[in-house]
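Notes to accompany the following structure.
The values are calculated or read from the model by the stated rules, or taken from the named source; none is laboratory data. None of these values were measured; they are calculated from a predicted model. Cβ: placed from backbone, ideal geometry, glycine included. Neighbour counts: every protein chain shown. The accessibility values were calculated without ligands, DNA or RNA, using every heavy atom of the protein model including side chains. Shrake-Rupley method; radii C 1.70, N 1.55, O 1.52, S 1.80 Å.
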Amino acid sequence: MGRQAAIRSGLAVAISAVLGACGGGGGTPAAPPPLADPYPLTTVSAASPLPAGCTGGGAAAGERYRGAEVEPLLAINPVDTRHRVAVWQQDRWSSGGAAGLVTAVSFDGGAAWSIQALPFSRCGGGSGAVGDYERASDPWVSFGPSGLVYQIALSFSGTVFGAGSRNALLVSRSLDGGRAWSPPQVLIADGAGFFNDKQSLTADPLDANRVYATWDRLAASGGGPAMLSLSRDQGQSWTAPQVIHDPGPQAQTLNNQIVVLPDGQLRLFFTQIEALDSPRPRAWLMLLGSADQGATWQGLTRISEILAVGARDPETGTPVRDAALLGSIAVGADGVLVVAWQDARFSAGQRDAIVLSRSADGGASWSAPEPVNGDPAVSAFLPTVWRGGDGLTAVSYYDFRANTGDPGSLPTQVWLATADEGGAWTDTALTAPFDLARAPEAGGLFVGDYQALLGQGRRLIPLFVRSRPLSAGSGDRTEVVTLELDAPLATAAKRAAVAAPELEASARQRIAERVAAQVKSRPPPYR
């Protein structure tokens, strides 16, 4: 029996033992001990550093899940790979955003972390014209090649597009590795007519002076073009925001991210949602290129249509706030681009798998999507992809293969799929089952629109959110954890091609309904 088969078998036995311990006999059975994780996990988050009594409900109201951490991202210093900075949403609100954003820094390879809140919101210490916002969301962090580290945040008050609402994108940098951060600068600020959303930030790994910020700017009247602001002086100043791609008034972009190819060219990766005014909108993964460090953009390419139906609790139907409209991109030192996303094409529209496509020509052409998750019989969601320079590709994701059928819980695991170029995929469990039903409710069970996965050679470093057991405290629903592991050695088996069945009209309708539902909830109210 192989290592992963043994892990799965052991988990199944343990789950059965737990279920057996809950039946028979008199009285209330003792709570079973948690199952052991396959690898040692380091908890990065801690007790919420945000004041319990700070105001942040505002017009949006809802429930503040104090102690809940979601949507983490990780950056590693290229000068010293033991130096790492993580960011996440802290104290998530049910009705959108979080009470604040938290930054954690480690100088010992992730063994110990120092945590602080940043003034991107009122609860995080923000005040005055820049930081006095009720909530913050979508944290992003990036290291430059000289060791400077930058982060960006979405800050907002009020109900999106509601009277008196306002929002801004704020940036900050640290000259000492994340111990102290500069006062936030405003990239863009808007009132009720526009909402700036799903921003990302990329420090150019080949030019220590350049940093790129990109996002979608949604208009209350319709449309959502891709925007760009860049710094040429290590984040001291930023250019005025400009539109670099406008899909029109009945379409929008989402999840804009810039990656830098080994030759210095830029690629903008994003989702384009089309036919917003129709009952059957469609979503596509797209790519746009720049050969002059963002001065001009050209070569619009469709990577693939997103054919996702989204994840739900199989017993209760409770939706999971997943990445059904989003994707994850990475570029290796070999210049190969890889993209992973949720997609139901391989189950004829019944459930989402994690699929991947690659490009060896800078994004001009793409391979046919292929499934990478280990169990096609259950929903898989929230993929994060990484590419090494030696042909190694890794994808972390969540799935329900540990689910027991009990409507009172939703056992979920995080997995890692790895493959060398042309080789078969290997599936590795990163966690024991945890109860995803404990996650904050924010338009669905929510651990974030994205997670993190980085690597050094064949050493992989995931950082992700899992839910915490009830014994951890009623408010502390989730935690940010990390680990390091070596990618499994390549097998002799070749990757088998898998043909997707033709989608029937009913499957197409389910996919269109999912796109429409996602669009309806973005932006109000679930940022």
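Normalised size of region 352-421, defined as Cα radius of gyration per 2.2 N^0.38 Å with N residues, equals 1.30. Using a probe of 1.4 Å on the protein chains alone, the accessible area found for E274 is around 40 Å².
Volume per residue of the convex hull around the Cα atoms, evaluated for region 373-527, comes out as 150 Å³.
In plain terms, the C-alpha convex hull of region 200-312 casts an average shadow of 8.5 nm² when viewed from every direction. Estimated from helices alone, the mean residue ellipticity of the chain at 222 nm is -2500 deg cm²/dmol (sum of -39500 (n - 2.57) over DSSP H runs with n ≥ 4, per residue).
With the largest listed first and rounded to whole Å, the semi-axes of the equivalent ellipsoid of the chain from the Cα gyration tensor are 32, 27, 24. DSSP assigns beta bridges within region 217-336; of those with both partners inside it, close to 95 percent run antiparallel. Taking only the alpha carbons of region 184-254, we obtain Rg and Dmax values of 13.0, 39 Å in that order.
Remark on S304: its backbone amide H falls under 5 Å from those of L285, a criterion applied only to residues 5 or more positions apart or on other chains, H modelled at 1.01 Å from N.
3J(HN,Hα) along region 70-77, derived from phi through the Karplus expression 6.51 cos²θ - 1.76 cosθ + 1.60 where θ = phi - 60°, amounts to 9, 6, x, 9, 9, 10, 10, 5 Hz, with x in place of Gly and Pro. Modelled label positions at A348 and R302, each set 7 Å beyond Cα in the direction of Cβ, lie 2.5 nm from each other. Put a dot 7 Å past the Cα of D334, heading toward its Cβ, do the same for Q265, and the two dots end up 1.8 nm apart. All C-alpha to C-alpha distances of region 38-195, sorted into 10 Å bins beginning at zero, yield P(r) values of 12, 41, 32, 13, 2, 0 percent in whole numbers. With Cα atoms as the point set, the radius of gyration and Dmax of region 383-434 evaluate to 13.6, 44 Å. Rg and Dmax over the alpha-carbon atoms of region 427-517 stand at 18.5, 48 Å. Over the chain, what is the mean sequence separation of C-alpha contacts under 8 Å (at least six apart), divided by residue count, expressed as relative contact order in percent? Averaging sequence separation for qualifying contacts and normalising by length gives 13 percent for the chain. For region 346-363, putting each phi into the Karplus relation 6.51 cos²θ - 1.76 cosθ + 1.60 with θ = phi - 60° gives couplings of 7, 10, 6, x, 7, 7, 7, 9, 9, 10, 9, 9, 10, 9, 9, 10, x, x Hz, in residue order, rounded to whole numbers and with x for Gly and Pro. The simple spin-label model puts a point 7 Å past each Cα toward its Cβ; for A505 and L206 those points are separated by 5.0 nm.
In this calculation the C-beta distance from Q242 to A52 is compared with R0 = 56 Å, giving a FRET efficiency of 0.85.
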